[in-house]
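Just so it is clear, none of the values below were taken in a lab; they were calculated from the coordinates. Treat the numbers as computed from the prediction; the structure is a model and nothing was measured. So basically every Cβ, Gly included, is an ideal-geometry build from the backbone, and we count neighbours across all protein chains shown.
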Amino acid sequence: MTDSLRFGCTGCGKCCTGHHVPLTLAEARRWADDAGQVIVLIEAFVTDGPGMPPEQREHALRRSYPVACGHGEARVSVTFAAFNPGRCRNLDNNDLCTIYDQRPLVCRIYPVEINPHIPLRPASKDCPPEAWQQGPELIHGTQLVDAELEALVQASRQADRDDIAAKVAVCQALGMTTSALKGNGFTAYLPDMGAFATALAREQWDDDGHWTLHVQDEALVASLQGLGLRTTSETPVYYAFIGF
C-alpha cells in the first residue's frame, strides 16, 4: 500500500469475467427472476474456537448465524453469488453493462474491498496498470476517501448482517447444510433455480437444520469432534469443497 491510491475505470470488462458476484438477498431474487444461476458458498466457524481468527471476531460474528451441528453449535456465513464462470451474462459486445443502473451493490463498490480485514491491493485486481494511474484519489493512508463509496461499503456490510438468517433458512430448506471451516475452505452449491426461487419467495422458514462440517485435515477433525460437532471428509456428491 502507498499513502495514496488513485483509480479510474478503463472499461476493460475484466472484472466482469470469471468472477462470482456476491448478491444481497434482494439482488439474488432479481437474479433468479431474470433466469440467472446463483452459486451458494458456505463457511463456518466456532465462536472463539476453530475457524475464528481473533482479529476478525466482530466482523465474522455479525455476518454469521448459529446452527446446530452434531451435539454442538457452529456459526455459518452464507454468500449467494451470481454464477459467472465466464463473461457476465449482462455484458454486451462492447464490454458494457446492460443493467448498469441496477447492477449489484458489489459491482458498484469495486475495486474497493468490503471485508475490513482485507487491504486493497492493485496486484490482486484484474484492472490494467493504467487504471491505478488515473482518476480521483480512492484511498489515502488506510481511509477510503469517497464518502458515497464508503456509504455503499457500509450498506453491503449491513446487508450481510440483515440477510444472514434468511440465507441460512433458504440453505436449510434446500438441504444445503454442509459447510467448510472458515480459513480452510468453502462448500459450493449450484441449486436448482426453480427450487431456489421458491425458497426465496417464502415469507416464513423453519428455523431448524442439522449441519455438518466438511473437513479433511485430521487434526481439525479431532478438534471439532472434541467439541461435539459433526464432520465429514467423504467425497461430496451434491456440492464442491473448495479448499485453501
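Quote the FRET efficiency, to the nearest 0.05, computed for Glu218 versus Thr198 with a Förster distance R0 of 45 Å and r equal to the Cβ-Cβ distance. Efficiency computed from Cβ-Cβ geometry: 0.70. Mean separation of Cα pairs under 8 Å and 6 or more residues apart, divided by the residue count, gives the chain a relative contact order of 31 percent.
Indicate the helices, whole DSSP H runs only, in the chain that combine a mean Kyte-Doolittle hydropathy of -0.5 or more with a Cα extent along their long axis of 15 angstrom or more. Kindly include the intermediate steps, with their values, before the conclusion.
Values: long enough: 147-173 (39 Å, 0.00).
In the chain, the long hydrophobic H runs are 147-173.
Per the Debye calculation on segment 142-199 with a single equal scatterer at every Cα and no solvent contribution, log₁₀ I(q)/I(0) for q = 0.17, 0.22, 0.30 Å⁻¹ amounts to -0.77, -0.94, -1.17. Compared with the direct C-alpha span, the chain from Ala123 to Asp95 gains 7.9 nm at full extension, assuming 0.36 nm per residue. Note on segment 124-168: semi-axes of the ellipsoid equivalent to its C-alpha gyration tensor, largest first and rounded to whole Å, are 29, 14, 8. Sorted largest first, the spans of the alpha carbon positions of segment 1-48 along the three principal axes are 40, 37, 19 Å. Partner aspartates and glutamates whose Cα lies under 15 Å from the Cα of Lys14, excluding those fewer than 8 positions away in the same chain, are identified as Asp92, Asp95, Asp126, Glu130. Find the centroid of the Cα atoms in segment 220-244 and in segment 14-92, then give the distance between the two in whole Å. The distance from the Cα centre of segment 220-244 to that of segment 14-92 comes to 18 Å. Evaluating kT/(6 pi eta Rh) at 20 °C and 1.002 mPa s, with the Kirkwood radius of the chain over Cα pairs in the Stokes-Einstein relation, gives 111 µm² s⁻¹. Within the shell defined by Cβ-Cβ distances under 12 Å, the residues around Thr212 carry a net charge of 0, with Lys and Arg each +1 and Asp and Glu each -1.
Taking 27 Å as the straight-line reach from the Cα of Lys182, the lysines in range (excluding those fewer than 8 positions away in the same chain) are Lys125, Lys167.
The largest-to-smallest principal axis extents of the Cα set in segment 21-73 are 40, 27, 14 Å. Relative contact order, whole percent, for segment 121-244 stands at 24, derived from Cα pairs under 8 Å and 6 or more residues apart.
Extending 7 Å from the Cα toward the beta-carbon at both Tyr238 and His71 defines two label points whose distance is 2.6 nm. Using a simple spin-label model with pseudo-atoms 7 Å out from Cα toward Cβ, Gln56 and Glu137 lie 3.1 nm apart.
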